Amino acid sequence: MNRWGELARERLSDRRFLHVCGVVDTARELAVRYGVDQEKCETAAWLHDILREAPASELRSLMADSGRPLPEGDAATWHGPVTAERLARDFGVHDDQIRLAIAQHTLGHPDMDKVAQVLFVADAIEPGRLFAGVERLRVAARMDLLLAVACVADASIQFLLDRRGSIAWQTVALHNRAWLGIDETVAMAYSENIKLIP
Ligand SMILES: [Fe+2]
Ligand SMILES: [Fe+2]
């Protein structure tokens, strides 16, 4: 385990740390499969939830210290943008792709690059995730990265619709953009492949 792993183990509960380890492993697999920078994907995965258990008051003061407003929306989604904002100063990571991947990991974003896409998908399908429909997302992740991104965005939108939750524009725009980029034959093969998967 590298220094980011040590930091995650120090800062997070056992349950959350286990999730982060699952995301790192899954991000590594996806990076290899889709030819994305493995080290960047792993670093983004180690750090993506590093402030997930910080109280809202701490996130608020970290942003105030940076002279930036808190993001809009649910406090549970703040940890991504706040970690991204503090990445260089508090964690010594100066890479823009890693910063954006962490900023975008909770809501998604239509402009996500491959590193961000890998983190977004890995966060949803790591082995500790057990929600209904996760097997379908794993099928998509073995077929095509953009397909997996679209399916994860859709699962998140569906989850919020079922609970009458509010859906961030970033997730809706991601849904629209991602499906536009997916070949019809890939979409059809996916529908075929998940026919028997709950
Ligand atoms: Fe997160
Ligand atoms: Fe996560």
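In table form, for the structure just shown:
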quantity	calculated
Order by protection proxy (mean Cβ within 10 Å, highest first), peptides 32-42, 188-198	32-42, 188-198
The range 41-50 - phi-based ³J(HN,Hα) in whole Hz, Karplus 6.51/-1.76/1.60, Gly and Pro as x	4, 5, 5, 4, 5, 4, 9, 4, 10, 4
Unit charges on C-beta of K, R, D, E only; dipole of the chain, Debye	300 debye
Lys, Arg +1 and Asp, Glu -1 on Cβ, resulting dipole of the range 103-175 about Cα centre, debye, nearest 20	180 debye
Difference of contour (0.36 nm per residue) and Cα-Cα distance, Ala88 to Leu7	27.6 nm
Gaussian network model of the chain, springs between alpha carbon atoms under 10 Å - residue of Leu47, Leu145, Leu161 with greatest fluctuation	Leu161
Glu192-Leu70 FRET efficiency (beta carbon distance; Förster radius 45 Å; 0.05 resolution)	0.55
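Any read-out appearing in this document is the output of simple, stated calculations on the displayed coordinates, not a laboratory observation. As the structure is a prediction and not an experimental result, all values here were calculated from the model. Here the Cβ is made from the backbone with ideal geometry for all residues, glycine too, and neighbour counts use every protein chain on show.
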